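Right, one structure below, let's go through it.
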Amino acid sequence: MGDCVPVAASFLEIAEKLGADLTVVGPELPLVNGVVDEFRAAGRLIVGPTAENARLEGSKIFAKDFFRRHGIPTAEFASVDTHDDARRALGRFRFPVVVKADGLAAGKGVVIAQDRGEAERAIEALGPRLVIEEFLEGEEVSFIAVCDGRDILPFAPTQDHKRVNDGDTGPNTGGMGAYCDSRILTEAQTEQILNTIMRPAVEATGFTGFLYAGLIMTADGPKVLEFNVRLGDPETQPLMHRMTTDFAPVLMSAARGELGRHKLEWRRGASVCVVMASGGYPGGYPTGVPIRGIEEAEATGATVFHAGTRAGEKGIETAGGRVLGVTAGGDDLRSAIENAYAAVGKIEFAGMHYRRDIGQKGLKAASAIRSH
């Protein structure tokens, strides 16, 4: 178990006070603000990218220009600085079209607009600095790797579920659930992703830390929707649930530039994470709502990851929009889904909501392969 430490001073001062052997950065904002540069200047080991490389997540415009410059496959796009330029750029694209805020938006600064009216409302809400992007058809895949500036150690593939409601409907969120299953990608697809996307990016930047490629598997091959510079949430939960390798030595080697001697091992089968969210999320939501049933859920064999919780006078209560990540494994994807939802069924808090179709796209894809 870890201890929570209030950030009254800088992260570096806290690490020095604790005598931390290694620091691993979770959220994106400290990375964009240069925490890795600060630690390295002080001679402290840390896992993450420099502030310059963190711009790959910190600015959608910077990232798209980077993809174009290095020949990394991505959707056609226009970068704009004003609302008027954005409205003019719409004429270059067919609908639906994707409107993305340039800066950090906690996974919610994206609108898939079905018509011009919806696109113009998105421009007003997200602008003025935007990326207008063609909508790509295909299955989404989260491809994450830990990098040491030279070597790349990829994780098993995962698939996130961004939309708030079943059937990929409703507004985008930070992620309503994810599943991890090696069958998401073939070996040939994995190698293509490494050769056309991950290796070119690392070679161009000397990237260190976690490089997350949000991909769409199109008929023309994998294309990048976005780069994040950290482990994804909720993808990390099923990844950690399936990983059998001791992760601490891997992280230490990543910080030291010695990743080449490591290999990641995974449990067979699949793992599934279902996010349980507060009523109203991704809009406004109440906090301080008592949560019941976490122990009962974990008694089923699931792991309940806390996201937006806190210790209240009467026990654990809600403290955020995405409250819990209920994660379970199974011998195959179907059994992992059943086990995760069995655990979800043990938990209660007022106003809670969650998607009931996490992993179903994977079952459909597997069924389609078998039918051929």
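The values are calculated or read from the model by the stated rules, or taken from the named source; none is laboratory data. Note that the structure is predicted; figures quoted are calculated from it, not measured. Every residue, glycine among them, receives a Cβ derived from its backbone with ideal geometry; neighbour counts consider all protein chains shown. Only protein heavy atoms, including side chains, enter the accessible area calculation; ligands, DNA and RNA are left aside. Shrake-Rupley method; radii C 1.70, N 1.55, O 1.52, S 1.80 Å.
When the range 151-177 is filtered for residues that are buried (at least 18 other Cβ atoms within 10 Å of the Cβ) and at positive phi, the ones remaining, listed by number, are GLY175, GLY177. I want to confirm something. Restricting to the range 162-200 and keeping residues that are touching an Asp or Glu at 6+ places or on another chain (Cβ under 7 Å) and of a type outside the set (A, V, I, L, M), which single residue is nearest to LYS364 (Cα to Cα)? It comes out as GLY167.
Among the residues of the range 74-89, those that are crowded, with 18+ Cβ neighbours inside 10 Å and in contact with a helix residue (DSSP H, G or I) (Cβ under 7 Å, 6 or more places away or on another chain) comprise THR74, PHE77, ALA78, SER79, VAL80, ALA86.
Would a scan of the range 98-106 turn up a residue that is more than 23 Å from the chain's Cα centre (by Cα), surrounded by 14 or more Cβ atoms within 10 Å (Cβ to Cβ) and not hydrophobic (A, V, I, L, M, F, W, C)?
No, every residue in the range 98-106 fails to be more than 23 Å from the chain's Cα centre (by Cα), surrounded by 14 or more Cβ atoms within 10 Å (Cβ to Cβ) and not hydrophobic (A, V, I, L, M, F, W, C).
Of all residues in the range 203-220, those that are more than 16 Å from ARG69 (Cα to Cα) have Cβ atoms under 8 Å from Cβ atoms of residues that are open to solvent by 30 Å² or more (accessible area, probe 1.4 Å) and polar (S, T, N, Q), 6 or more apart or on another chain, in THR208/THR50; MET217/GLN189.
Specify which of the listed residues (LEU211, LEU185, LEU239) is aliphatic (A, V, I, L, M) and open to solvent by 10 Å² or more (accessible area, probe 1.4 Å).
Matching residue, one of LEU211, LEU185, LEU239: LEU185.
Of the listed requirements (1) closer than 16 Å to GLY351 by Cβ; (2) touching a residue at least 40 places away in the same chain (Cβ under 8 Å); (3) under 18 Å from the mean Cα position of the chain (by Cα), GLY308 misses just one: (2).
So is VAL272 at pLDDT 95 or above, of a type in the set (A, V, I, L, M, F, W, C) and surrounded by 21 or more Cβ atoms within 10 Å (Cβ to Cβ) or not? Here the answer is yes, as VAL272 does meet what is asked.
Table: residues versus (1) part of a strand (DSSP E or B); (2) farther than 24 Å from ALA106 by Cα.
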{"position": "PRO282", "(1), (2)": "no, no"}
{"position": "GLY288", "(1), (2)": "no, no"}
{"position": "GLU317", "(1), (2)": "yes, no"}
{"position": "GLY320", "(1), (2)": "no, no"}
{"position": "THR327", "(1), (2)": "yes, no"}
{"position": "TYR341", "(1), (2)": "no, yes"}
{"position": "ALA350", "(1), (2)": "no, yes"}
{"position": "GLY362", "(1), (2)": "no, yes"}
{"position": "ALA365", "(1), (2)": "no, yes"}
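A quick yes/no check of all residues on (1) open to solvent by less than 10 Å² (accessible area, probe 1.4 Å); (2) over 21 Å from GLN159 (Cβ atoms):
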| site | (1), (2) |
| --- | --- |
| THR303 | no, no |
| GLU317 | no, yes |
| VAL326 | yes, no |
| ASP332 | no, no |
| GLN360 | no, no |
